[in-house]
Every structure is written in C-alpha cells, then in structure tokens.
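Colleague: What follows is a single structure, and I will ask about it in a moment.
The values are calculated or read from the model by the stated rules, or taken from the named source; none is laboratory data. Worth saying up front: this structure is predicted, and the values here are computed from it rather than measured. Using ideal geometry, Cβ is built from the backbone for each residue, glycine included, and neighbour counts are taken over all protein chains shown.
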Amino acid sequence: MTRALTCSSAIALVFLATAARADVTPQEVWASWQAMATSAGQELTVGNTADSGQMVEVTDLVITYKDQLGGSMGITLDKLTFADNGDGTVTVAMPESYPLQMVFPQSDEGPGSIKLTISQPGAAIVAGGSADETSYQLTAPQTAITLDEVTDHTGKVLDTKADLTLTEVTGGYKMTKSGDEMGLDSAFAAKTAVLNMSGSESDGSGSGKVAVSFADVSGATKGNFLGPEMMANMATALNAGFTLDTSLTFGAVAMDFDITEGNGPTKMVANATGGGFNIAMSKDRMTYGTSLDGAKFTVSGAEIPFPQLELAFAESAFSVAMPVSKSDSPQDFSYLTKVVDLTVSEEVWGLFDPAATLARDPATLIVDLKGKGFWTKDIMDPEVRMDGAAPPGELHSLDLTQVLAKAAGAEVSAVGGMTFDNTDLATFEGMPRPDGKVTVNIKGVTKLVDNLIALGFLSEDDAMGFRMGLAMFARPGAGPDELVSEIEFKDGGLFANGMQMR
C-alpha cells in the first residue's frame with residue numbers, strides 16, 4: 001500500500017508537469033496551475049517568472065511532494081512557458097526532457113529511491129477553457145521514461161536498467177476545481193508501448209532481462225479527487241465524495257523473459273491478442289476487472305523435464321463488483337472468474353498419460369456469481385479489522401449464473417440460487433440458514449473414473465466410495481454417462497433429488 005500511494009502521487013506530479021492547467025490567458029493558466037498543484041499537497045519553488053503580457057515564462061521550477069509515510073518525490077523543470085495563441089487558448093511548452101526523483105519510506109524490502117528522466121521531444125500541449133473548467137489536448141510523437149538510478153533501502157546503487165517508450169501519443173483532458181475537490185475527465189491513446197528491463201544481483205547469483213510490448217494502448221479516467229489529508233483514510237474519502245473510474249485496454253502484446261540463476265537459465269516467451277483492466281470506486285461500490293485473450297506461453301529452463309512447456313488459453317477474465325461502505329440494507333454484488341479452452345503441451349500429458357488414455361480436450365473453468373449482501377463495517381477504513389470472530393457483513397442471496405468445470409472428457413455444471421436468513425444462525429451451526437435449489441449436471445465422470453483407475457491414480461476402493469457418494473446425491477440424466485443432482489435447502493433441511501439428507 002505504501003508503494004501504491006507513493007507511485008500514485010508520482011503519477012500526479014508527472015501529470016501536472018506534462019499537462020498544465022489552462023485558462024484563457026497565460027497569466028490565469030499559470031496561476032491556476034499553481035493552485036492545482038498546491039491543492040494536491042505539492043510544493044512549488046520558482047527561480048524566476050517573466051511576464052510579457054502575451055507569454056509567461058517560468059524558469060528553475062521545482063515541484064516536490066512528501067507523504068505521511070516518509071516518502072517524497074520531486075520534478076525539476078528548467079523552463080516552462082505559457083503562450084497566448086490569440087484565440088482563447090494557451091500553448092504550454094515543456095522541456096524536451098526533465099528529471100523525476102522518488103524516495104520511498106524506509107523498509108527492508110523494495111527500492112529505497114529511484115531517479116527517472118522523462119523525455120517528450122515534439123510534444124504539443126494546447127489548453128483552453130475557463131477558471132472553473134479547463135480542457136487541453138496533448139500530442140507527442142514519442143514519450144520515454146528512462147530509469148537512471150535505483151537504490152536499495154541502504155542506499156546502495158543497484159544494477160538495474162529500464163525504459164518505457166510510447167509512440168504516437170494523443171490525449172484529451174478536462175479538469176474542474178471546486179473548493180478542495182478536483183474533477184478529472186481524461187483519455188489517452190498510444191500506437192505502441194515498449195518496456196525493457198535488465199539487471200543483476202550484486203553478489204553475482206543471478207541476472208535477467210525482460211521485454212514487453214503492447215500495441216494500440218488506450219485508457220480513460222474519470223474521477224473526483226480530494227486533498228491528501230482526506231485521502232489518507234479511504235473510507236472517509238469515499239464518504240466525502242472521492243470517486244474513480246479508470247480503464248486501460250491494449251491490442252497485441254508480446255513478452256520475453258530471460259532469467260539466469262544458480263540452477264541455470266529460464267526463458268519465457270508469451271503472446272496475447274489483447275486485454276485490459278478497469279477499476280471504479282465510489283461510496284456505493286467498487287468494481288475491478290482484468291482480461292487477457294488469445295494467450296500463449298512457452299517456458300524452458302533447467303528445472304523443466306523436457307525442452308519446453310507450452311500453455312495457452314482462448315480467454316481469461318476476472319471481475320468483482322461489491323459495496324464498500326457500511327450499510328443496513330442488502331446491495332448487489334457479483335463475481336466472475338474464467339479460463340476458457342486451456343491447453344498444455346503434449347509433453348506434460350506424456351508425463352502421466354503417455355498412452356493418451358485421457359481425453360485431450362481443452363479445459364474450461366467458469367464461476368459466475370451474483371447476489372445481495374451488505375457490510376456491517378467500513379471495510380476501506382484502515383482501522384477496521386477483517387479477521388475478527390464476527391463476520392464483517394451479511395449475505396442475503398446468492399445466484400449461480402454459471403458454474404462450469406470441463407477437463408479430460410468430463411464436465412460439471414451448476415445453476416441455481418439461494419437466499420439466507422441471517423436471523424437463524426443455529427440451524428446450520430453459525431451459517432445463516434439457506435433456502436433455495438442448485439441443479440448440478442455431470443457428464444463423462446464414469447469414463448473419467450475408469451480412466452483414472454487404469455492410470456493408477458485411483459484405486460478400486462476409492463472409486464467405489466466416490467460412486468456410492470454420486471449415487472446418494474445424483475440420478476441418471478438424459479444421456480449416457482450423465483447425472484443430475486438437485487440440491488435443495490428448505491425448512492431447515494438439506495435434500496438431494498427429493499431425499500432428505502439432513
């Protein structure tokens with residue numbers, strides 16, 4: 001969390017330095033830019049300011065920020081100009097490159113400090129609007145961030161190099177300020193983004209390099225941001241009006257990892273057709289999601305018992321949406337995780353099934369749930385403990401939109417829904433009493449069990465116990481090797497296919 005807060009502040013510094021707030025005149029732009037920076041908790045030191053009426057020129061500008069955890073950061077701009085375009089807009093000219101330094105709170109883990117150089121030759125920033133609502137457009141043929149130095153927590157310089165380069169960068173932003181609140185509505189796009197990293201351990205025990213490239217990167221952020229004092233407690237900030245909605249998508253991605261350790265080199269090459277992530281927060285709810293499509297990973301190394309391991313999937317996704325504030329009435333939540341058409345190389349299958357007894361069909365796992373519940377505590381408050389004896393919330397309903405597990409020729413799926421009586425915690429020994437039904441369909445499991453016996457993974461005794469359990473909870477389905485089980489909770493009891501089990 002410390003690193004996340006510090007990095008967020010660094011991004012804010014870079015943003016303010018590369019996308020200065022604008023008004024209709026250079027003087028108002030510069031004044032509002034200073035106000036915006038100081039409202040975000042940053043300090044400005046100005047070497048000199050020259051105002052010719054049509055242009056404001058600022059030299060030797062230093063922007064610094066210190067957080068409550070002991071971290072700090074700073075940007076130095078040798079010259080910054082605000083020029084009147086004569087049409088109600090202002091051109092903001094930045095240095096082609098400038099340094100950024102970050103010092104992290106004292107810790108035995110992670111870096112102690114980093115020094116970066118941000119380069120944006122040919123960047124053009126045109127701003128316009130009013131004192132209350134500012135918008136601007138940014139274009140840059142290329143933007144690069146280069147890691148100049150990184151130290152550990154003792155101050156020792158580490159052997160680490162890194163650079164991030166974006167090409168054909170475009171962006172549009174609108175900023176509004178009301179009291180201590182700042183509104184932001186922004187979007188950006190880049191044709192490509194390439195990250196390169198390399199380094200080695202100081203004791204010579206290992207080294208590595210990583211290269212990652214993305215095509216067609218685009219993102220958007222909307223939000224209402226508060227002062228740093230308010231943001232120190234997320235629960236307080238959310239209740240005071242903090243909101244955030246940000247997303248990032250990308251097209252084709254390629255990754256190349258080459259790591260050498262004492263046991264030898266390990267190499268991984270990965271490709272995907274696209275993906276992205278999104279996160280949104282308000283006092284009512286939080287949503288978070290990631291996705292990656294058309295992915296393939298190839299790994300080789302000294303600890304892999306064959307030349308290389310290949311793994312691929314057609315689609316993967318994770319998302320969660322839930323309330324975040326304390327309430328006394330049920331609210332919607334949802335959860336999704338899935339990996340579709342997962343395959344592994346034949347060499348892996350050959351380790352335990354050389355005769356191809358098991359079906360090699362792609363595997364799929366999908367868990368898609370939704371329901372209603374509420375928190376009895378503000379879970380975003382750092383003072384709130386989530387590991388106490390009493391649960392921090394109540395579950396009122398749960399619907400299985402889709403549950404699917406498919407692999408080795410067998411398939412298990414489930415749909416249904418339940419409600420929960422939170423006034424009855426005795427019937428099911430501390431769990432709120434459920435009422436509802438879940439229907440489970442099972443296909444190909446008999447053949448799978450026979451194959452596992454043939455391969456020696458299951459004994460006849462173990463298989464007999466498994467089959468007896470299926471017989472208790474399932475009945476024959478519509479087709480061969482198909483079973484159906486209707487699990488129902490009602491009147492405080494548990495029923496399977498109409499037979500009371502509890």
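Colleague: So which residues in segment 92-115 are surrounded by 20 or more Cβ atoms within 10 Å (Cβ to Cβ), more than 24 Å from the chain's Cα centre (by Cα) and of a type in the set (A, V, I, L, M, F, W, C)?
Modeller: VAL92, MET94, LEU100 - these are the residues of segment 92-115 that are surrounded by 20 or more Cβ atoms within 10 Å (Cβ to Cβ), more than 24 Å from the chain's Cα centre (by Cα) and of a type in the set (A, V, I, L, M, F, W, C).
Let's see how each residue does on (1) out of contact with any strand residue (DSSP E or B) (no Cβ under 9 Å at 6 or more places or on another chain); (2) within 30 Å of VAL269 (Cβ to Cβ); (3) of a type in the set (Gly, Ala, Ser):
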{"residue": "ASP203", "(1), (2), (3)": "yes, yes, no"}
{"residue": "GLY223", "(1), (2), (3)": "no, no, yes"}
{"residue": "GLY227", "(1), (2), (3)": "no, no, yes"}
{"residue": "MET231", "(1), (2), (3)": "no, no, no"}
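Colleague: Would you say PRO307 is out of contact with any Gly (no Cβ under 6 Å at 6 or more places or on another chain), farther than 30 Å from GLU394 by Cα and either among the aromatic types (Phe, Trp, Tyr) or modelled with pLDDT under 95 (or both)?
Modeller: Yes; evaluated as a whole, the condition is true for this residue.
Colleague: Separate question: Could you check, for segment 312-320, whether at least one of its residues is closer than 30 Å to LEU455 by Cα, of a type in the set (Asp, Glu) and in a strand (DSSP E or B)?
Modeller: no
Colleague: State all residues of segment 209-245 that are surrounded by fewer than 18 Cβ atoms within 10 Å (Cβ to Cβ) and within 30 Å of ASP258 (Cβ to Cβ); if no residue qualifies, say none.
Modeller: LYS209, VAL210, ALA211, VAL212, SER213, ALA215, ASP216, SER218
Colleague: For segment 458-502, name all the residues that are surrounded by 14 or more Cβ atoms within 10 Å (Cβ to Cβ), of a type outside the set (Gly, Ala, Ser), in contact (Cβ under 8 Å) with a residue 12 or more places away in the chain and farther than 19 Å from GLU411 by Cβ.
Modeller: GLU488, PHE489, ASN497
Colleague: Still on this model: Being hydrophobic (A, V, I, L, M, F, W, C), at pLDDT below 90 and closer than 30 Å to ASP284 by Cβ: is that true of ALA356 here?
Modeller: no
Colleague: Taking segment 113-122 as the region of interest, how many residues are within 30 Å of GLU57 (Cα to Cα) and assigned to a strand (DSSP E or B)?
Modeller: 6
Colleague: Anything in segment 428-439 that is surrounded by fewer than 16 Cβ atoms within 10 Å (Cβ to Cβ) and part of a loop (DSSP other than H, G, I, E, B)? List them, or say none.
Modeller: Within segment 428-439, GLU429, GLY430 qualify.
Colleague: Given the options LYS372, LYS377, name the one that is surrounded by 18 or more Cβ atoms within 10 Å (Cβ to Cβ), part of a loop (DSSP other than H, G, I, E, B) and of a type outside the set (A, V, I, L, M).
Modeller: Exactly one residue qualifies, and that residue is LYS377.
Colleague: Same structure again: Identify, from the list THR246, THR266, THR221, THR287, the residue that is over 23 Å from the mean Cα position of the chain (by Cα) and in a strand (DSSP E or B).
Modeller: After applying the criteria, what remains is THR266.
Colleague: Moving on to the next point. Would a scan of segment 343-353 turn up a residue that is over 26 Å from VAL217 (Cβ atoms), in contact (Cβ under 8 Å) with a residue 12 or more places away in the chain, surrounded by 15 or more Cβ atoms within 10 Å (Cβ to Cβ) and acidic (Asp, Glu)?
Modeller: Looking through segment 343-353, at least one residue is over 26 Å from VAL217 (Cβ atoms), in contact (Cβ under 8 Å) with a residue 12 or more places away in the chain, surrounded by 15 or more Cβ atoms within 10 Å (Cβ to Cβ) and acidic (Asp, Glu).
Colleague: Restricting segment 450-477 to residues that are more than 41 Å from the chain's Cα centre (by Cα), assigned to a loop (DSSP other than H, G, I, E, B) and modelled with pLDDT of 85 or more, which is farthest from GLU429 (Cα to Cα)?
Modeller: This residue is GLY456.
Colleague: Please enumerate the residues belonging to segment 380-421 that are outside any strand (DSSP E or B), touching an Asp or Glu at 6+ places or on another chain (Cβ under 9 Å) and surrounded by fewer than 16 Cβ atoms within 10 Å (Cβ to Cβ).
Modeller: VAL384, the sole residue that qualifies.
Colleague: For VAL103, only one of the following conditions fails: (1) touching a helix residue (DSSP H, G or I) at 6+ places or on another chain (Cβ under 8 Å); (2) of a type in the set (Val, Ile, Thr); (3) farther than 21 Å from GLY53 by Cα. What is its number?
Modeller: Result: VAL103 passes all but (1).
Colleague: If you check LYS161 against the conditions, is it among the basic types (Lys, Arg), at pLDDT 90 or above and either over 24 Å from GLN34 (Cα atoms) or in contact with a Lys or Arg (Cβ under 7 Å, 6 or more places away or on another chain) (or both)?
Modeller: The answer is yes for LYS161.
Colleague: Does ALA252 satisfy the condition of being under 30 Å from VAL169 (Cα atoms) and either modelled with pLDDT of 95 or more or surrounded by 16 or more Cβ atoms within 10 Å (Cβ to Cβ) (or both)?
Modeller: yes
Colleague: Mind checking which residues of segment 179-201 are assigned to a strand (DSSP E or B) and either more than 30 Å from THR134 (Cα to Cα) or touching a His at 6+ places or on another chain (Cβ under 7 Å) (or both)?
Modeller: Those that are assigned to a strand (DSSP E or B) and either more than 30 Å from THR134 (Cα to Cα) or touching a His at 6+ places or on another chain (Cβ under 7 Å) (or both): VAL194, LEU195, ASN196, MET197, SER198, GLY199, SER200.
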